[in-house]
Amino acid sequence: MRNFRIAPSILSANFAKLGEEVRAVIDAGADIIHFDVMDNHYVPNLTIGPMVCEAIRPITQAPIDVHLMVKPVDTLAAMFAKAGADIITFHPEASEHIDRTLGVIKEAGCKAGLVFNPATPLHYMDYVMDKLDMVLLMSVNPGFGGQKFIPGTLDKLREARRRIDEYTARTGREIWLEIDGGVKIDNIAEIAAAGADTFVAGSAIYNTPDYKATIDAMRAELAK
Ligand code: DX5
Ligand code: ZN
């Protein structure tokens, strides 16, 4: 069985007590902190920057997974690496030079990944597999938490899983396959069966009163 990782998105956390909210999901059994960066240019919303990443860095040993929904990418990617990010992903449409941006992230010592919107073709990964540590499929259009999972993403996940497995069999290098948007207790098993190993969940965790109960329920679904 694959290793499954749960990555709560702090987009749905209570920002008035962000540090406590980060600690709470990790204490509740989460593996990764998903950090959504929006710029009101690439996506129609505005969130948090490197200063906030730096502020939460000392709170947990867990990897901070920075999802950049920004254009341009390179300057902010380097700033997030400095601010303590472990993984940095970006949307290929937002970078003029995808290979170069991946290089900027890797040279800064972080894991790098590409994010695919629902209608973005997977071929963007074709010539850069050796630089990818993560592939992130969006199962909603980026910009907001609390949207509904787009069912067509399941076929795309199966295709991404096939490409990654073929690559790993050939090279021995692992690439994580993350899913982001509308992940809930009642669809996580189906999403895992389609190939995801890393699950972002914002509203499904932070909008519930008992984070541990929710994360436990997700893990129980994954163990089925
Ligand atoms: C959306 C963000 C997601 C968002 C997911 O653009 O990338 O990470 O927080 O939220 P939920 O889990 O509520 O769909
Ligand atoms: Zn995200």
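Here the spin labels are modelled as points 7 Å beyond Cα on the Cα-Cβ line, and at THR208 and ARG57 they lie 3.2 nm apart.
For VAL128 and MET79, what is the calculated FRET efficiency with R₀ set at 25 Å and r taken between the beta-carbons, to the nearest 0.05? Calculated transfer efficiency: 0.70. Computed over the chain with a Gaussian network model linking Cα atoms closer than 10 Å, the most mobile of PHE116, PHE149, PHE35 is PHE149. Shown here for region 71-180: trypsin sites (Lys or Arg not before Pro) in loop regions (DSSP other than H, G, I, E, B) with at most 15 other Cβ atoms within 10 Å, namely LYS148, ARG173.
Checked against a 21 Å cut-off, the cross-linked pairs LYS156/LYS184; LYS106/LYS156; LYS82/LYS106; LYS156/LYS212; LYS17/LYS184; LYS184/LYS212 give Cα-Cα distances beyond that limit for LYS106/LYS156; LYS156/LYS212; LYS17/LYS184. Taking all Cα-Cα distances within region 160-224, those exceeding 14 Å account for 60%. Hull volume per residue, based on the alpha-carbon atoms of region 5-223 and their convex hull, is 112 Å³.
The string of couplings for region 62-71 from the Karplus curve (6.51, -1.76, 1.60, θ = phi - 60°) is 4, x, 9, 9, 8, 9, 8, 10, 9, 8 Hz, one whole number per residue in order, with x for Gly and Pro. In this entry, region 72-198 is assigned a mean projected area of 7.8 nm², taken as a quarter of its C-alpha convex hull surface. Contact order for the chain, expressed relative to its length and based on alpha carbon pairs under 8 Å spaced 6+ residues apart, stands at 21 percent. Between the C-alpha center of region 1-37 and that of region 119-161 there is a gap of 20 Å. The string of couplings for region 205-213 from the Karplus curve (6.51, -1.76, 1.60, θ = phi - 60°) is 9, 6, 8, 10, x, 10, 4, 5, 4 Hz, one whole number per residue in order, with x for Gly and Pro.
Based on the Cβ-Cβ distance of HIS97 and LYS148, what FRET efficiency does E = 1/(1 + (r/R0)^6) give at R0 = 45 Å, to the nearest 0.05? With R0 = 45 Å, the Cβ-Cβ based efficiency is 0.85.
Readers should treat all values here as calculations from the given coordinates under stated rules, not as data from a laboratory. The structure presented is a predicted model; accordingly, all values stated were derived computationally and were not measured. Cβ coordinates were reconstructed from backbone atoms using ideal geometry, including for glycine residues, and neighbour counts include every protein chain displayed.
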